[in-house]
1. Tell me yes or no: at least one residue of region 112-131 is within 20 Å of Ile34 (Cβ to Cβ) and open to solvent by 60 Å² or more (accessible area, probe 1.4 Å).
2. Identify the residue in region 58-80 that is of a type in the set (Val, Ile, Thr) and assigned to a helix (DSSP H, G or I) and, among all such residues, is most open to solvent (accessible area, probe 1.4 Å).
3. If only one of Lys93, Lys103, Lys83 is open to solvent by less than 80 Å² (accessible area, probe 1.4 Å), at pLDDT 90 or above, farther than 30 Å from Leu138 by Cβ and charged (D, E, K, R), which one is it?
4. Give me the pairs: first residue in region 33-57 and more than 22 Å from Val155 (Cα to Cα) and touching a residue at least 12 places away in the same chain (Cβ under 8 Å), second residue assigned to a loop (DSSP other than H, G, I, E, B) and among the β-branched types (Val, Ile, Thr), beta-carbon distance under 6 Å, and six or more apart or on different chains, which are they?
5. Can you spot a residue in region 160-173 that is touching a helix residue (DSSP H, G or I) at 6+ places or on another chain (Cβ under 7 Å), closer than 21 Å to Ile34 by Cα, among the hydroxyl-bearing types (Ser, Thr, Tyr) and open to solvent by less than 30 Å² (accessible area, probe 1.4 Å)?
6. Of the conditions (1) more than 29 Å from Asn141 (Cβ to Cβ); (2) within 23 Å of the chain's Cα centre (by Cα), Ile36 satisfies every one except a single condition; which number is it?
7. Might you let me know whether region 18-26 holds any residue that is open to solvent by 100 Å² or more (accessible area, probe 1.4 Å), without any contact (Cβ under 8 Å) to a residue 12 or more places away in the chain, hydrophobic (A, V, I, L, M, F, W, C) and under 26 Å from Leu174 (Cα atoms)?
8. Can you confirm whether region 3-15 contains a residue that is more than 30 Å from Met167 (Cβ to Cβ), of a type in the set (S, T, N, Q) and open to solvent by 60 Å² or more (accessible area, probe 1.4 Å)?
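The values are calculated or read from the model by the stated rules, or taken from the named source; none is laboratory data. These numbers were taken from a predicted model, which means no experiment stands behind them. Quick reminder, even Gly has a Cβ in these numbers, built from the backbone with ideal geometry, and neighbours come from all protein chains shown. For the accessible areas, the whole protein counts, side chains as well, though only heavy atoms, and no ligand, DNA or RNA atoms are used. Shrake-Rupley method; radii C 1.70, N 1.55, O 1.52, S 1.80 Å.
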Amino acid sequence: MDKEITSRLRIGNLFRQYCRTVHFHLSFFFMGVILIYAVSGITMNHLKDFNPKYDITVNNYTVKGTFPTSHKFNKNEIIQLLKEVGEQDNYIKHFYPNNSTVKVFLKSGSSYILDTQTGNVAYEGIKKRPVFYQLSFLHYNPGTWWTYFSDLFAVCLILICISGILMNKGKRGLFGIGGIELLAGILIPVLALIL
């Protein structure tokens, strides 16, 4: 009987050691991806307050000069106007929606609109936010290989959870404080769905 108990204890200890090893290595390997999804997830929760992909600035001002009121602007003249907003290298094309307005399309996605009668400019600048743009790009699944990698990551998250639950015994394990924390963690999303 003592040998049987000893054997069971040894098997239990080996199993918990195996769970610790799995938990340890998977946690380290996927730490970068966990942070990517965590940080980009936080920004997505606050889209009303913060655009994680783009920094959008709107600038309304007046330029001095006499401007043609018909289709007389050439590319070089437009580029001179764009220097004031730092977009001179991003020119794509321009057109006249009406006789007194010229609209310029820019590579960055920004837009520049000039009223040729008043000199009023409406410039909307769109720039990619460093780091946050890239994190959001990965969160939204940019391609096939990332799909496979993120599927692997999801499976390994399940293993990280299971190994984390099973690697401790006693008061710190599933039948102690760990079990209480597990139930509390499950209860919160269930309540969110119900309420």
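1. Looking only at region 112-131, we keep the residues that are within 20 Å of Ile34 (Cβ to Cβ), and these are 131.
Filter once more, so that each one left must be open to solvent by 60 Å² or more (accessible area, probe 1.4 Å): 131.
So far as region 112-131 goes, yes, one or more of its residues are within 20 Å of Ile34 (Cβ to Cβ) and open to solvent by 60 Å² or more (accessible area, probe 1.4 Å).
2. This residue is Ile79.
3. Lys103
4. That search, which allows pairs on different chains as well, returns nothing.
5. Yes, region 160-173 contains a residue that is touching a helix residue (DSSP H, G or I) at 6+ places or on another chain (Cβ under 7 Å), closer than 21 Å to Ile34 by Cα, among the hydroxyl-bearing types (Ser, Thr, Tyr) and open to solvent by less than 30 Å² (accessible area, probe 1.4 Å).
6. The number of the failed condition is (1).
7. yes
8. Looking through region 3-15, none of the residues is more than 30 Å from Met167 (Cβ to Cβ), of a type in the set (S, T, N, Q) and open to solvent by 60 Å² or more (accessible area, probe 1.4 Å).
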